[in-house]
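Okay, so here's the structure we're looking at.
The values are calculated or read from the model by the stated rules, or taken from the named source; none is laboratory data. As the structure is a computational prediction, the values presented were derived from the model and not from experiment. We place every Cβ from the backbone using ideal geometry, glycine too, and count neighbours over all the protein chains shown.
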Amino acid sequence: MTGTEADFKTVTDLVIGLIAGVDDGQLAAPTPCEHYTVGHLLDHMLGLALAFTAAARGEHGPHNDAPPAAPSPTPPHDWRPLLEARFQVLADAWTAPEAWEGDATAGGVTFPAAIMGLVALNEVAVHGWDLATATGQPYELDPATVDLLTAFVGQDADDQSAREGIYAPPVEPSSDATAQDRLIALTGRDPRWSA
């Protein structure tokens, strides 16, 4: 499977489906994403949606030409409709074939667009898992996305210097780990994490 066949909408719809299950009382709760509360995570997701949408469109500006600001522990009061709308726009942007051509910039970094699209998909998919796990909700990525992202994330699994600042060292999954658990472990998260 190539990046241009990535199914963004299935992943963004899965994450959008978590929104109603997040209670405001959980915003200060921890997440599997070290140093992030649920509030930090939601604010980060709002920002990454803007950055990767701009990247898909080949745009330059404040959302994607500089490293992202540290997320706030308190997302905007209207984060629910805002996150849903931004993720819908993000999925639409990466549906365009031209989004995967040339170069794309996000977070102040420029990659070939075919790579940036996979970075974006991985960010949405894995942070979706973070949110679901932190708020006690079920979360199951489709097998094709798990396979695509496992190949993408796993290519540098033995070279921590290449992963520095992106992922913690991979976690050893249990012998009965699912394919999704193995993907999560590759990103340096413990698939068995619990709040």
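When segment 20-45 is filtered for residues that are farther than 23 Å from His63 by Cα and among the hydrophobic types (A, V, I, L, M, F, W, C), the ones remaining, listed by number, are Ala20, Val22, Leu27, Ala28, Ala29. Within segment 173-193, residues that are at positive phi sit with their Cβ atoms under 8 Å from residues that are of a type in the set (A, V, I, L, M, F, W, C), at 6+ positions apart or across chains, in these pairs: Gly188/Ala168; Gly188/Val171.
Can you find even one residue in segment 63-72 that is in a helix (DSSP H, G or I) and either hydroxyl-bearing (Ser, Thr, Tyr) or under 26 Å from Thr110 (Cβ atoms) (or both)? No, segment 63-72 contains no residue that is in a helix (DSSP H, G or I) and either hydroxyl-bearing (Ser, Thr, Tyr) or under 26 Å from Thr110 (Cβ atoms) (or both). Go through segment 59-80 residue by residue and tally those that are among the small types (Gly, Ala, Ser) and at pLDDT 95 or above. Residues flagged as among the small types (Gly, Ala, Ser) and at pLDDT 95 or above within segment 59-80 amount to 1.
Residues are listed down the side, and each one gets a yes or a no for (1) among the polar types (S, T, N, Q); (2) over 14 Å from the mean Cα position of the chain (by Cα); (3) at pLDDT 95 or above; (4) surrounded by fewer than 19 Cβ atoms within 10 Å (Cβ to Cβ):
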position: Met1; (1), (2), (3), (4): no, yes, no, yes
position: Glu5; (1), (2), (3), (4): no, yes, no, yes
position: Thr12; (1), (2), (3), (4): yes, no, yes, no
position: Gly17; (1), (2), (3), (4): no, yes, yes, yes
position: Gly25; (1), (2), (3), (4): no, yes, yes, yes
position: Ala28; (1), (2), (3), (4): no, yes, yes, yes
position: Pro32; (1), (2), (3), (4): no, no, yes, no
position: His35; (1), (2), (3), (4): no, yes, no, yes
position: Leu41; (1), (2), (3), (4): no, no, yes, no
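Within segment 68-84, residues that are within 13 Å of Gly47 (Cα to Cα) have Cβ atoms under 8 Å from residues that are hydroxyl-bearing (Ser, Thr, Tyr) and at pLDDT below 95 in no pair, counting only partners at least 6 apart in sequence or on another chain. When restricted to residues that are part of a helix (DSSP H, G or I) and surrounded by 20 or more Cβ atoms within 10 Å (Cβ to Cβ), segment 173-195 contains 5.
Only one of these is surrounded by 15 or more Cβ atoms within 10 Å (Cβ to Cβ) and either within 12 Å of the chain's Cα centre (by Cα) or aliphatic (A, V, I, L, M) (or both): Ala144, Ala93. Name it.
Being surrounded by 15 or more Cβ atoms within 10 Å (Cβ to Cβ) and either within 12 Å of the chain's Cα centre (by Cα) or aliphatic (A, V, I, L, M) (or both) holds for just one of Ala144, Ala93, which is Ala93.
Of the helices (runs of 4 or more DSSP H) lying entirely inside segment 113-172, those containing at least 3 residues that are touching a Phe, Trp or Tyr at 6+ places or on another chain (Cβ under 6 Å) and modelled with pLDDT of 95 or more are 113-134. Of all positions in segment 121-137, none carries a residue that is surrounded by 17 or more Cβ atoms within 10 Å (Cβ to Cβ), more than 29 Å from Ala20 (Cα to Cα) and touching a Ser or Thr at 6+ places or on another chain (Cβ under 6 Å).
Evaluate the following for Gly58: is it surrounded by 14 or more Cβ atoms within 10 Å (Cβ to Cβ), out of contact with any Cys (no Cβ under 9 Å at 6 or more places or on another chain), in contact (Cβ under 8 Å) with a residue 24 or more places away in the chain and in a loop (DSSP other than H, G, I, E, B)? Yes: the conditions hold for Gly58.
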